[in-house]
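This report concerns only the one structure given below.
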Amino acid sequence: MKSTNAIWVGGIATALIVPLGSARADDTSGAQQTQQTQQTHETQYPTGHKTKTTTTTTTTTTPSKNKAKETDQSGAGKADKGDKTSQSDKNTGTVESVTKDTGEAARKANESVVGPKVSRSNDEIARDPKLRPKDNREAKKAGEAVGRATTTAAEGVASVVQDTTRATDAPGPYSPFTLSWSPLGLIVGGRVSIQGEWVPTTHHVILLSPHFVHTSQDVATSTDTTVSQTFTGVGAELGYRYYTGHRGTNGVFIGPSVIGGVYNGSLPNDSHVFTDIGGALDVGFKGIIANHLAIGGGVGIEYLHVSHDFGDLSTAPAAIAASGVKPRLLFELGYGF
């Protein structure tokens, strides 16, 4: 009897537990998954009495939150990527807008001086190679202008120049202004210069290049003693260049310039304010990359007359404080607009 009663009590408890489990599963159906399994066992006692016991197993599975997090993070990542792409597009658009506005302002400034007809002609020639003069005819004219004795050599040089120009003079916008910087001055010693070029009409360029100089050298005053001499001041160059290109400051160039400056020489026992004045002739080549970046270089020769004789000077001070004929080396990095 005790066994029978125990079996009945177990059955009643199971009957009560199962509905409770089902109710809980229903309450959490939004967040959990519930699975029930029933097993029946038959028990036979020595008295010959048989009983059947039913066991119900309830399994509850909670969905992983990691998947939701991964989904959220994936969505956030895509949003961040989209934001970065959008920001990059905005930055690119801003740069293009500034470049366009700068170019438009430069064209209007140039047009106000040379007139709309010349300005429009410059831009049309720069963008359409078909409108440019024939290279062979230009080379022949250049050769004939020199004279019969040197016609062949002049034609040869002119042909090389035209071939170089044709190979590098790609169609593009016309840039009437260029700002350049020459790093060679700092390498040689203490010279910072900025060069501005204006191209009112195709081929013809007016340039202005102010500079600041602060350089020094050591001078021996005795066997074991040296004193530093410093040279500081400002100067400028004003010149003209002829460029063979059709987009502004591009192609082979040649042109003269005048030079002048006022400086102070600090000597061991005294100091002198001095001036220099002179002229130069340069030849070189400049190309345009990505419609605006101008890179060029060349060589030249200059003559300076300095108002005070400082004797023998090293290379850097001699560039401004020594009279005479001296070579020039050019390297320019600029932006056309």
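The values are calculated or read from the model by the stated rules, or taken from the named source; none is laboratory data. Note that the coordinates shown come from a computational prediction; the quantities given were computed from them, not determined experimentally. Quick reminder, even Gly has a Cβ in these numbers, built from the backbone with ideal geometry, and neighbours come from all protein chains shown.
Report whether or not residue 315 is touching a strand residue (DSSP E or B) at 6+ places or on another chain (Cβ under 6 Å) and β-branched (Val, Ile, Thr).
So residue 315 fails the test.
One residue is enough: does segment 240-249 have a residue meeting the conditions surrounded by fewer than 15 Cβ atoms within 10 Å (Cβ to Cβ) and either assigned by TED's automatic domain parsing to the domain that holds residue 289 or modelled with pLDDT under 95 (or both)?
yes
Which of (1) surrounded by 14 or more Cβ atoms within 10 Å (Cβ to Cβ); (2) under 20 Å from residue 315 (Cα atoms); (3) at pLDDT 85 or above is the odd one out, the single condition residue 183 does not satisfy?
It is condition (1) that residue 183 fails.
Among residues belonging to segment 188-239 that are among the small types (Gly, Ala, Ser) and closer than 28 Å to residue 125 by Cβ, point out the one that is surrounded by the fewest Cβ atoms within 10 Å (Cβ to Cβ).
Only one residue fits best here, namely 196.
Could you tell me whether any residue of segment 148-160 is assigned to a helix (DSSP H, G or I) and touching a residue at least 60 places away in the same chain (Cβ under 8 Å)?
No: segment 148-160 contains no residue that is assigned to a helix (DSSP H, G or I) and touching a residue at least 60 places away in the same chain (Cβ under 8 Å).
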